[in-house]
Amino acid sequence: MSTPIRKTDAEWRSLLNDMEFFVLRQAGTERPGSGALLHEDRRGVYRCRACDAPLFTSAAKFDSHCGWPSFFDPNEKDAVTYHDDDTLGHRRVEVRCATCDSHLGHVFPDAPHTPTGLRYCMNSVALSFTPDDASA
């Protein structure tokens, strides 16, 4: 894992648009089905939109029919951190970028058809995508 990135809210606001700031820095959620990366099917890497840290690969992406991009495992075990989230009156596990502490989404143990049994339900606006052929 790289050195953690720390910025003030004003610094983050200068780098992110309003929706990105809402999701990444205020733990908001985009509307289901609205994300640009939901149906992305090319091979590549999904990165944190705030700091560009690699988080997930297309090999771990699957269609969970939940309305958000879903993955069964992060790119590296230490790419994300986990935090208890009781904001909706029941326990969930929030997923944050380990590099910049930005909110990405939540992880649920409800995908028995995947190798890990987990569904990392990520906000599309929290991610950027770099296709494998981008360097070619």
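The values are calculated or read from the model by the stated rules, or taken from the named source; none is laboratory data. Predicted, not measured: the structure shown is a model, and the values here were computed from it. Heads up, the Cβs are rebuilt from the backbone with ideal geometry, glycines too, and the neighbour counts pull from every protein chain shown. Heads up: the accessible areas ignore ligands, DNA and RNA and are worked out on the full protein's heavy atoms, side chains in. Shrake-Rupley method; radii C 1.70, N 1.55, O 1.52, S 1.80 Å.
To put it simply, the accessible area of the chain at a 1.4 Å probe is 50 percent carbon and sulfur. For ASP78 and THR130, the difference between the fully extended length at 0.36 nm per residue and the C-alpha to C-alpha distance is 16.7 nm. Only the Cβ atoms of Lys and Arg (+1) and of Asp and Glu (-1) were treated as charged; on that basis the dipole of region 75-134 about its Cα centre amounts to roughly 180 debye. When shorter helices are ignored and each DSSP H run of at least 4 residues is given -39500 (n - 2.57), the per-residue value for the chain at 222 nm works out to -3000 deg cm²/dmol. Rolling a 1.4 Å probe over the heavy atoms of the protein chains gives region 1-69 an accessible area of 61 Å² per residue.
Each listed q (0.17, 0.21 Å⁻¹) maps to a log10 I(q)/I(0) for region 1-119 from the Debye sum over equal C-alpha point scatterers, namely -0.91, -1.41.
In whole angstrom, note down how far apart the Cα centers of region 83-136 and region 1-45 are. Using only Cα atoms to place each centre, the spacing works out to 11 Å. Highest-first packing order for the peptide set 6-13, 125-132, 32-39 is 125-132, 32-39, 6-13, based on the mean count of other beta carbon atoms within 10 Å. Put simply, the amide H of ARG119, placed in the peptide plane, has neighbours under 5 Å in PHE108, ASP110, ALA111, leaving out anything fewer than 5 places away on its chain. The residue list VAL107, GLY44, VAL93 was ranked by how far each Cα lies along the charge dipole of region 1-129 toward its positive end, using unit charges on Cβ atoms, and GLY44 comes out on top.
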